[in-house]
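> Please find one structure pasted underneath; my questions will follow.
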Amino acid sequence: MTGNKVRHLGELALPGAGIGATAGVAAGGLALLAGQPIGWALATGLGLGLPLVLLGGGFGLLLGSGVVSPGVFAPAALYWFLGFPVARVVHEMLVGLMVVGRPALPPDLLGFLAYQAIVSLGFAIGFSWLHERIAPGWLRRIRHRNPAADRLYAFYLQHAEAQWTARESRRRARAAARGTGGGRPTLLRSKGES
């Protein structure tokens, strides 16, 4: 792979990786708020942040390669349904390694994985929402030097234009309905009106 190709892939992965890093920092902060020692909180942030950075970046690469379509939730939900439990197992193992010196799996691994798969839906919603707000602005900045970013940005732009056109069409239809008597009926009459 050439240097430019690696840089282009890294640029596509950056928004998702940044969201993963933010989730790791949040997990470390929540561990501190829960009263965990600083070392444990740092291990939590790093142990969860690292796999989420890799998975978040991987999602950006799937978008850039066209395997996953932007704006469609089902692929993101499936991706995190599989990826989030893996990230949590890695998190548990890394925290065990950093805190007590040996990696450890949760005692009921199947129950743990099932619960994490359920929780993954909430993570997928948050990740998708953030990614859809961060990625287009980033892609706009890098599109001139990154062909994959340019294609992905064009998709976001086309989607935004379609959304705007649909919204304006609905707005015009409502305005036309109000102009032809389709507006709100007047329920109260002032004194003197029959």
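> Can we say Phe155 is surrounded by fewer than 19 Cβ atoms within 10 Å (Cβ to Cβ) and more than 27 Å from Gly39 (Cβ to Cβ)? Steps first, answer last, please.
Values: surrounded by fewer than 19 Cβ atoms within 10 Å (Cβ to Cβ): yes; more than 27 Å from Gly39 (Cβ to Cβ): yes.
Yes: the conditions hold for Phe155.
> Another question about this same structure. In the stretch 81-128, which residue that is among the hydroxyl-bearing types (Ser, Thr, Tyr) and within 16 Å of Gly58 (Cβ to Cβ) is surrounded by the most Cβ atoms within 10 Å (Cβ to Cβ)? Walk me through how you get there before you give the answer.
The first filter runs over the stretch 81-128 and keeps only residues among the hydroxyl-bearing types (Ser, Thr, Tyr), leaving 115, 120, 128.
Keeping just the survivors that are within 16 Å of Gly58 (Cβ to Cβ) gives 120, 128.
On the way: Ser120: 23, Ser128: 21.
Checked the stretch 81-128; the qualifying residue surrounded by the most Cβ atoms within 10 Å (Cβ to Cβ) is Ser120.
> Need pairs with beta-carbon distance below 8 Å; first residue among the hydrophobic types (A, V, I, L, M, F, W, C) and within the stretch 90-111, second not in a helix (DSSP H, G or I); sequence gap 6+ or separate chains.
Met93/Pro103; Met93/Ala104; Met93/Leu105; Leu94/Pro103; Leu97/Pro103
> For the stretch 28-70, name all the residues that are in a helix (DSSP H, G or I) and in contact (Cβ under 8 Å) with a residue 60 or more places away in the chain.
Passing the criteria: Gly39, Gly56, Phe59, Gly60, Leu63, Gly64, Ser65.
> Please find, within the stretch 87-102, the residue that is nearest to Trp40 (Cα to Cα) out of those that are assigned to a helix (DSSP H, G or I) and small (Gly, Ala, Ser). Working first, answer last.
Pass one, the stretch 87-102, residues assigned to a helix (DSSP H, G or I): 87-100.
Narrowing further to those that are small (Gly, Ala, Ser): 87, 96.
Numbers: Ala87: 17, Gly96: 10 Å.
Checking each candidate, the answer is Gly96.
> Could I ask something else about it? Mind counting the residues in the stretch 40-53 that are crowded, with 20+ Cβ neighbours inside 10 Å and within 22 Å of Ala13 (Cβ to Cβ)?
7
> When you look at Pro37, is it buried (at least 17 other Cβ atoms within 10 Å of the Cβ) and not β-branched (Val, Ile, Thr), yes or no? Before you say what the answer is, go through the steps one by one.
Details: buried (at least 17 other Cβ atoms within 10 Å of the Cβ): no; not β-branched (Val, Ile, Thr): yes.
No; evaluated as a whole, the condition is false for this residue.
> In the set Leu113, Leu121, which member is farther than 18 Å from Gly18 by Cβ, in contact with a Pro (Cβ under 9 Å, 6 or more places away or on another chain), part of a helix (DSSP H, G or I) and not charged (D, E, K, R)?
When all the criteria are applied, what remains is Leu113.
Quick note: the coordinates plus some simple rules give every number you see, no bench work behind them. These numbers were taken from a predicted model, which means no experiment stands behind them. Note that each Cβ is placed from the backbone with ideal geometry, even for glycine, and that neighbours are counted across all protein chains shown.
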